[in-house]
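The structure under discussion appears below in the form of structure tokens.
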Amino acid sequence: MKPTRRAPEPHRSPHTERGTTKDLAHFMLYHSTRNPQEVLTSREAVLKGLAQDGGLFVTDLLGERRIDPASLTGPYADTAKRVFSALLDDYTPEEIDQSIAAAYGSTFKCPLPGDVTPVTKLGRMHLLELYHGPTAAFKDVALCMLPQLMSRALAGTGRRLMIVTATSGDTGKAALAGFEDVPGIGITVFYPEGGVSAVQHLQMATQEGSNVAVCAVKGNFDDAQTAVKNLFSSPITKELAQIGVSLSSANSINIGRLVPQIVYYFDAYRQLLARGVVHAGDPVDFTVPTGNFGDVLAGWCAKRMGLPVRRLVVASNANNVLTDFLLTGVYDRRRPLHKTISPSMDILVSSNLERALYWIDDMSAERTRERMESLKTKGFYQVDAELLAKLQATFGCGFADDAATMDSIRAAWEEDGRLIDPHTAVARRVALENASPEVPMVVLSTASPYKFCRDVYTALYGDLKTKAAAPEAAAFEYMDALADATGVEPPASLSNLRTKPVLWKDVEAIADLPQYVLRQARTKLA
Ligand SMILES: *Cc1c(COP(=O)(O)O)cnc(C)c1O
């Protein structure tokens, strides 16, 4: 007879009781998408980030942890508590409360108290504003929470962690801000040289903190991400172990980032319910500007947990590998990477898609492993017609190139009276192509327009005849001009950048990243 999984007993942690397999059976277990054999609790999965075999941590019980959206009536923190307790159940209720208070208590600046991710109007559609956190991009929602989860999992173990992250722009700063001076944890961020906006670059290069390092990489984002992934199986892990340090990641592959993102889908629905836009059980569509597939995957998780989501529309820029995949079933990364005005979506390998494939393809680790192997060695994989049909039943898709993105920024301002950033503009455009009148469409807004003020200003008013030589100086001229022209205030965290000193100028070749990380660990954590 198969052992049945009992309901979790609150207040028990396998880590305070020297966990045995029997203890583990009380908790929701996680394992690699490529191998179901080795299981971990959520605390361990949060600390490890990525599985040894290169797979991503998943749980097979996602669909059993349902939340009735009609029962969500409190503020964001209440919704968060429901989702965290369901999926990270080896954290005590006190740990979850403290983490939520530290992550969201005062860090998000929204018009209404208690809000973290407000829903507002965008013409006939709705805008889920995810950019009110400390670095003005949606990654704050997850990266305010992840350090809380990690430091609580680490407490009392005597271990130390080096977080290594590759960023296409927004993750890096959000992670640096979240981990700044967190005891026992160091953070190293790599970004593609010349591949991030002037404001994004300044945000990272001015980062303070005794435990941080910021470094440009000679290569694009995919090169940097691959190099970071390879670190986990490289010889430096042994050298780090000798000084008591393990590697972890803050990339969107960590379940400690995925879970906080599920919260705002539920919370958006709560807001639509409270406003009478939907009645309990009515379906809603979401359009998500997508790069690594983390954000849209969180929406899929919310659906699996009982949120009445009809369609999740995957919006891409000119790097439309996901559009092609969802139309044809062939995921093919063998194509040039285009630099666009929505750089956080300039990605050819969307890591989190691996989780979606695992869950949707009947939780087959074997087939997931084969596909990822094919992607690595051949540069592509193809799913069969049955799986493609399953994917298409939920995921819509579309893309907008830079010209269409500029049009969308202009139309949002002129027709909807909303100032939106290029990533949001991609989603708005694709949402309009996929919206149907009978189901409300929620567009996820992932960054403040002021993070990309040059392109936003140019879309609305044309080039500014700037005399500034440095892109950073020009960025502030655009910031001021955009504020003057639109009357929309920039977030203080961005306008303050002009007075901050640049602290980080490191540049490294891909091959030298392991040694760079080792040096940082030795100087910051030893
Ligand atoms: C990271 C990011 C995205 C893409 O999110 P994924 O989870 O990688 O799909 C979109 N917009 C902005 C502004 C981002 O920073």
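Rule-based calculations on the coordinates, nothing more; no lab input. Worth saying up front: this structure is predicted, and the values here are computed from it rather than measured. All Cβ positions, even for glycine, are placed from backbone atoms using ideal geometry, and neighbour counts span all protein chains on display.
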Which net charge results for the neighbourhood of Pro490, defined as the other residues with beta-carbon distances under 10 angstrom from its beta-carbon, given Lys and Arg at +1 and Asp and Glu at -1?
-1
Sequence order, the range 82-99: Karplus ³J(HN,Hα) from phi using 6.51 cos²θ - 1.76 cosθ + 1.60, θ = phi - 60°, Hz rounded, Gly and Pro as x, gives 4, 5, 5, 5, 6, 9, 10, 7, 8, 8, 6, x, 5, 4, 5, 4, 5, 5
Size of the dipole of the chain about the Cα centre, Lys and Arg at +1 and Asp and Glu at -1 on the beta carbon, nothing else charged, in debye to 20?
860
With the crude spin-label approximation of a point 7 Å out along Cα→Cβ, what separation in nm comes out for Tyr461 versus Thr157?
5.1
Would you calculate, for the chain, the mean residue ellipticity at 222 nm contributed by helices, counting each DSSP H stretch of 4 or more residues as -39,500 (n - 2.57) and dividing by all residues, to the nearest 500?
-12500 deg cm²/dmol
Once you have the Cα-Cα distance between Thr120 and Asp362, take 0.36 nm times their residue separation minus that, and quote the gain in nm to one decimal.
83.5 nm
Charge tally in the Cβ shell below 13 Å around Gly379, where Lys, Arg are +1 and Asp, Glu are -1, Gly379 excluded:
+3
Run the simple label-point estimate for Lys218 and Asp181 please: 7 Å along Cα→C-beta, distance reported in nm.
3.6
In nm, to one decimal, how far is the modelled label at Gln515 from the one at His279, with both set 7 Å along Cα→Cβ?
6.8
Restricting the range 324-353 to trypsin sites (Lys or Arg not before Pro) in coil, as DSSP defines it, with at most 11 other Cβ within 10 Å
Arg334
3J(HN,Hα) from dihedral phi, the range 424-431, Karplus parametrisation 6.51/-1.76/1.60, rounded to Hz, x for glycine, proline:
5, 5, 4, 5, 4, 4, 5, 4
Sequence-separation-based contact order of the range 450-497, relative, with Cα cut under 8 Å and 6+ spacing, percent
41
Along the dipole axis of the chain (charges at Cβ: +1 for Lys and Arg, -1 for Asp and Glu; origin at the Cα centre), the most positive-end residue among Ile262, His126, Ala403 is Ile262
Excluding residues on the same chain fewer than 8 positions from Lys378, give the aspartates and glutamates whose Cα lies under 17 Å from its Cα.
Asp222, Asp223, Asp332, Glu354, Glu370
Could you list the trypsin sites (Lys or Arg not before Pro) in the range 42-115 that lie in coil according to DSSP, counting only those with at most 15 other Cβ atoms within 10 Å of their Cβ?
Arg66, Lys109
For the range 450-497, size of Cβ-based charge dipole, Lys and Arg +1, Asp and Glu -1, in debye
100
How high is the relative contact order of the range 377-526, given as a whole-number percent (alpha carbon pairs under 8 Å, six or more residues apart)?
16
Quick one: length gained pulling Lys378 to Glu415 fully straight, 0.36 nm per residue minus the C-alpha distance?
8.7 nm
Identify, among Ala101, Ala216, Gln520, the residue whose Cα sits farthest towards the positive end of the charge dipole of the chain, taking +1 on the Cβ of Lys and Arg and -1 on the Cβ of Asp and Glu, with the dipole about the Cα centre.
Gln520
Run the numbers for Arg498 and Arg66: contour at 0.36 nm per residue of separation, minus the present Cα-Cα distance, in nm.
150.9 nm
Give me the percent relative contact order of the chain, please, defined on Cα pairs under 8 angstrom at least 6 residues apart.
19
For the chain, what number results from the quotient of the Cα radius of gyration and 2.2 N^0.38 Å?
0.92
